[in-house]
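The values are calculated or read from the model by the stated rules, or taken from the named source; none is laboratory data. Only a predicted model underlies this, so the values are computations on that prediction, with no experimental measurement involved. Counting neighbours? That spans all protein chains shown, and the Cβs are built from the backbone with ideal geometry, glycine included.
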Protein chains: 4
Amino acid sequence: MIDYNSFGVVGGDRRQIALAESIASDGYTVYAFGFDTINFQKGVIKAELDEIAAKCENIILPLPVTADGKYLNTHYSEKKTPLDDTFAEYMRNKTVFGGMMGKLFLTSELWDGIDTYDYYTREDFAVKNTVPTAEGALEIAMREYAGTINGSNCLVAGYGRIGKVLAWMLRGIGAKVTVSARRTSDLAWVELFGYQAVKTDDICDRDQYDLIFNTIPALVFNRRMLSKAREGTILIDLASAPGGVDYEAAEKLGIRVIKALSLPGRVAPKAAGEIIKNTIYNIMEE
Amino acid sequence: MIDYNSFGVVGGDRRQIALAESIASDGYTVYAFGFDTINFQKGVIKAELDEIAAKCENIILPLPVTADGKYLNTHYSEKKTPLDDTFAEYMRNKTVFGGMMGKLFLTSELWDGIDTYDYYTREDFAVKNTVPTAEGALEIAMREYAGTINGSNCLVAGYGRIGKVLAWMLRGIGAKVTVSARRTSDLAWVELFGYQAVKTDDICDRDQYDLIFNTIPALVFNRRMLSKAREGTILIDLASAPGGVDYEAAEKLGIRVIKALSLPGRVAPKAAGEIIKNTIYNIMEE
Amino acid sequence: MIDYNSFGVVGGDRRQIALAESIASDGYTVYAFGFDTINFQKGVIKAELDEIAAKCENIILPLPVTADGKYLNTHYSEKKTPLDDTFAEYMRNKTVFGGMMGKLFLTSELWDGIDTYDYYTREDFAVKNTVPTAEGALEIAMREYAGTINGSNCLVAGYGRIGKVLAWMLRGIGAKVTVSARRTSDLAWVELFGYQAVKTDDICDRDQYDLIFNTIPALVFNRRMLSKAREGTILIDLASAPGGVDYEAAEKLGIRVIKALSLPGRVAPKAAGEIIKNTIYNIMEE
Amino acid sequence: MIDYNSFGVVGGDRRQIALAESIASDGYTVYAFGFDTINFQKGVIKAELDEIAAKCENIILPLPVTADGKYLNTHYSEKKTPLDDTFAEYMRNKTVFGGMMGKLFLTSELWDGIDTYDYYTREDFAVKNTVPTAEGALEIAMREYAGTINGSNCLVAGYGRIGKVLAWMLRGIGAKVTVSARRTSDLAWVELFGYQAVKTDDICDRDQYDLIFNTIPALVFNRRMLSKAREGTILIDLASAPGGVDYEAAEKLGIRVIKALSLPGRVAPKAAGEIIKNTIYNIMEE
């Protein structure tokens, strides 16, 4: 019999573990599949897919659901779970939440008839995820930079979601923060919040930085730009692949580049799990 | 011939390396002793004690000068340098700067006649050192706590120098900050800067914390106090030895305690070296 | 002969005076019309419209250009200047900047052939204008509230441009800030910047406020909502006409409402003039 | 019969009115003398001195108790109340709180035998009072300066209690803040909190300011110093009489000086009353 207050957490990494335990601590029944090597806290019951299909109303798939488009992303299981008609069949008549579901939908035509919600594409998810991303970047900066962030000259390249949070945190601990942007209205925001503003094209003309945080997913830090930076500068690249830095040129010029991807799941799995949970709750309330 | 613009950096760890290089980059001649395994940047010349004595006006000893009261603190040398009349003799007619010089003075009566300045006892040194200490504590918190600091409930126990900076930084990245203090005037400061204030005796009555930062060098977190804390709380103890926590009780109660000592030298040696340099410059100007 | 580096400032209030003087201090020649009672600082020359037409390349009209659609907005002149074909004729072959130009265009068909830019509709103008607006609201709050803003419970209703800046400033001086918004992503932003978040519908359920700042241009504070507010609360209404408050109900319920419109020009004319100038410079550069 | 939970509020201005009403709202019985023209809110009973003496355990005198040393400070009464043996007699066997009690003690020898507490000399009182003082200074700055505080160049001269709060608030709304101090340790604090630091002697050499806030009770802004400031600068003098500015020189040099004294009582009487109340409660608890 289906329990309308039950969740099936199917596959994933540490975020999904935190998510399952957090939902359980809210009083729901949680069944988990794909965590063979994990001992869950009270309230999360390990189960096979057929049992989950029989009992749960809501299914939560991981972020991303799959890496290769063939198997479910199950970080804590030796056994591979193919994504096919059998898998999709289990999901029929469920409400299915997942992150980056595009490849999943190609694995079976049954998905056309299933109620799905991609939490990864939600604006509230993206906003909340800036926090573990920005803190992860700060932690890297603290670990790698031999000076203190307080008092250092930092450039945040790009004033999108992550740039906004990162600049705010850096100022909050006393760094001297410059933010680059392209639009005049963004530059106006930058100045009024107390940062130095610089146009993206003039990034390295104005000042010399101890730390550069790149959030722009385009090759802004090309050879020409990097050649103006100070030797010894640390550049933390937060832009999604292929990233925003000419790595080869950077190495030659003595600029140390640190690629920082997927920070939320790595630096703050519990927070990342909570964020997925709250996004799903928001979807369910709407 | 003595060069009045020359410094001898005698012994120490990474801070002293940064210090030597930083002084050199200000245009002074720097001679360094006790760094056999180190390749300095341009401007720092390795030398023996007699050469330093012959050439330098100012001598900088490490922090601490000595651990055991017998040998110089030389982290990057295999050879031991005894602190005795011979050593003191080299320092005659110099201006000698050092950190925690008490034990040094017991090693030779010659020290009575030498001009010495203990930078460690300076208020400006102590203030500046709060920055790498607080950032080091933040870095530990970010690494060890599975949530994000932003949005977490943090307690800063004690509103001395380190407490002031730590509370300010935590609020600056969006934590919910409670600060404990004993004096009503300190509690007034705490409230006006936007933190929750709690009397030291009531620390664990008011709220439950994700992270506790102890800065009080007294056994505040005894068994009784710890028994009120939430299981899973992380307690970062910044108080100098013997620290402010009953470790045994904490372990039994499921409170994770992280002892965080000597953070400046470990997490931000370059910054720590700069701080020593600037303190010495301040002394020389006075 | 036309001077390509000259500006004609035609009509306006204190903002336009500041604007004229600020452009002059940048080294341009500035002719001003419609300021009979004003003595300008060095560099601004009073002139009639025909002289301005003969000499200037760029014309700057006020904000708003006209109130009634018939006459130019000339706050500092006894004489009325009709907006008609004659006026438009003077503007031919010029670059004309103005604020809220809609009514102006109805006064002559000649405007169809004139190069015009409405600085009021620019995003960078709107962003910069939040600053004098938010400071004006703060000043009113400080003057009218018998307590201190520091430590007070403030609600900012709405998280648009003004809400963002106002909330940030209120937290910056130590108020306890709650922000209301409708979208879950905005509520996520609100929480991560350290404010309490509340859904617009639940505004007055959660907490009781000393000060409410309304920025929502819709009747959010109706009788039902106001009846939940605490007597003595001060409500500063920043929403443009007709405003967001049922004034009659407020009065009966003992809620003091202060209508705060057109703050930039009133509280910070110099800043407001600079903002218009910089917006025009941005337009010219594009 | 004496009521141990009763307070007599004897004389004062708007702060004492707020104080009386605030104590009443805490559930105590409050008798007030010297407020003939005032209608108190529920819970405050007007009474003569003999009645207060008969009924109250705790007496609260105003701040200051007296201006001339002869009569009680009664801002809301036409009738003068002499400070003499008769007055002191009423206070026998009471706990008497007052602000600046020095002159009072000279009016009768009976005071030697009375239990008195000067709340004005308390550190917690002084700290809390910085808030209305700093906000009052901000309000003046916002009213008088034609630009916005956000983005303006501000100097806070002196890093004592008021300087600390004012600098923090100014940065909190986005001003560019420089703080002057004499001690190297204070300059270290200034820098780590994100302000520019300048030695008091070099105040006007470094930068030019839109607004100067003086908190130093010594003639720092003498003719020589003022001659370096920019014409048009606004100087808000918060230092107690005789103040820290050569007013005559300032006028000649085009520096506008605004003397801002006794801000708490004037700009935030309710807050000021609360501060007195909380200080008295703190005293009673100790």
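Miscellaneous remarks
- Qualifying residue in segment B:236-250 (condition: under 19 Å from residue B:181 (Cβ atoms), surrounded by 14 or more Cβ atoms within 10 Å (Cβ to Cβ) and charged (D, E, K, R)): yes
- Among (1) under 20 Å from residue D:145 (Cβ atoms); (2) more than 26 Å from the chain's Cα centre (by Cα); (3) of a type in the set (S, T, N, Q) - the single one residue D:180 does not satisfy: (2)
- Residue in segment A:116-128 that is over 24 Å from residue A:200 (Cβ atoms) and over 19 Å from the mean Cα position of the chain (by Cα) present: yes
- Filtering segment D:96-115 to residues that are free of Cβ contacts under 8 Å to residues at least 60 places away in the same chain, assigned to a strand (DSSP E or B) and either outside the structural domain of residue D:10 (by TED's automatic domain parsing) or buried (at least 18 other Cβ atoms within 10 Å of the Cβ) (or both) leaves D:96, D:98.
- Residue C:270 passes every criterion in (1) within 14 Å of chain D (Cβ to nearest Cβ); (2) charged (D, E, K, R); (3) loosely packed, with under 14 Cβ neighbours inside 10 Å apart from (3).
- Selected residue (criterion: farthest from the other protein chains (Cβ to nearest Cβ)) from residues of segment B:42-61 that are out of contact with any helix residue (DSSP H, G or I) (no Cβ under 8 Å at 6 or more places or on another chain) and either aliphatic (A, V, I, L, M) or over 19 Å from residue B:89 (Cα atoms) (or both): B:54
- Residue under evaluation residue C:68, criteria (1) surrounded by 15 or more Cβ atoms within 10 Å (Cβ to Cβ); (2) charged (D, E, K, R); (3) in a loop (DSSP other than H, G, I, E, B), criterion not met: (1)
- Filter pass, residue C:200 being among the hydroxyl-bearing types (Ser, Thr, Tyr), surrounded by 15 or more Cβ atoms within 10 Å (Cβ to Cβ) and more than 30 Å from residue B:169 (Cβ to Cβ): yes
- Candidates B:270, B:277, filtered to the one that is basic (Lys, Arg), over 13 Å from the mean Cα position of the chain (by Cα) and under 30 Å from residue B:41 (Cα atoms): B:277
- Among the criteria (1) in contact with a Ser or Thr (Cβ under 7 Å, 6 or more places away or on another chain); (2) within 13 Å of chain A (Cβ to nearest Cβ); (3) of a type outside the set (A, V, I, L, M, F, W, C); (4) farther than 25 Å from residue A:139 by Cα, the one residue B:282 does not fulfil is (2).
- Note on segment A:103-135: residues that are touching a Pro at 6+ places or on another chain (Cβ under 7 Å) and within 9 Å of chain B (Cβ to nearest Cβ) amount to 1.
- The sole residue among C:166, C:187, C:170 that is touching a helix residue (DSSP H, G or I) at 6+ places or on another chain (Cβ under 7 Å) and assigned to a helix (DSSP H, G or I) is C:166.
- Subset of segment A:139-151 [more than 7 Å from every other protein chain (Cβ to nearest Cβ) and either part of a helix (DSSP H, G or I) or β-branched (Val, Ile, Thr) (or both)]: A:140, A:141, A:144
- Residues (of a type in the set (Gly, Ala, Ser), more than 21 Å from residue D:94 (Cβ to Cβ) and in contact with a helix residue (DSSP H, G or I) (Cβ under 7 Å, 6 or more places away or on another chain)) located in segment D:9-36: D:18
- If you go through segment D:71-80 and keep only what is more than 14 Å from residue D:32 (Cα to Cα) and surrounded by 13 or more Cβ atoms within 10 Å (Cβ to Cβ), you end up with just D:71.
- Residue satisfying condition, being within 20 Å of the chain's Cα centre (by Cα) and crowded, with 21+ Cβ neighbours inside 10 Å, within set A:30, A:9: A:9
- Qualifying residue in segment C:245-252 (condition: modelled with pLDDT under 90, in contact with a helix residue (DSSP H, G or I) (Cβ under 6 Å, 6 or more places away or on another chain) and more than 14 Å from chain D (Cβ to nearest Cβ)): no
- Residue in segment C:211-233 that is touching a Cys at 6+ places or on another chain (Cβ under 6 Å), surrounded by 20 or more Cβ atoms within 10 Å (Cβ to Cβ) and part of a loop (DSSP other than H, G, I, E, B) present: yes
- Residue within segment B:71-90 that is assigned to a strand (DSSP E or B), more than 14 Å from chain A (Cβ to nearest Cβ), over 20 Å from the mean Cα position of the chain (by Cα) and hydrophobic (A, V, I, L, M, F, W, C) present: no
- Pairs where the first residue, in segment D:65-82, is assigned by TED's automatic domain parsing to the domain that holds residue D:17 and the second is among the acidic types (Asp, Glu) and part of a loop (DSSP other than H, G, I, E, B), C-beta under 6 Å, 6+ apart: D:75/D:13; D:77/D:36
- Residue D:39 touching a residue at least 12 places away in the same chain (Cβ under 8 Å), among the polar types (S, T, N, Q) and over 20 Å from residue D:88 (Cα atoms): no
- Segment A:152-178 - residue that is polar (S, T, N, Q) and out of contact with any Cys (no Cβ under 9 Å at 6 or more places or on another chain) and, of those, farthest from the other protein chains (Cβ to nearest Cβ): A:153
- In segment C:182-194, the residues that are more than 9 Å from every other protein chain (Cβ to nearest Cβ) and surrounded by fewer than 23 Cβ atoms within 10 Å (Cβ to Cβ): C:182
- When segment B:199-219 is limited to residues that are hydrophobic (A, V, I, L, M, F, W, C) and closer than 19 Å to residue B:165 by Cβ, the one that is farthest from the chain's Cα centre (by Cα) turns out to be B:211.
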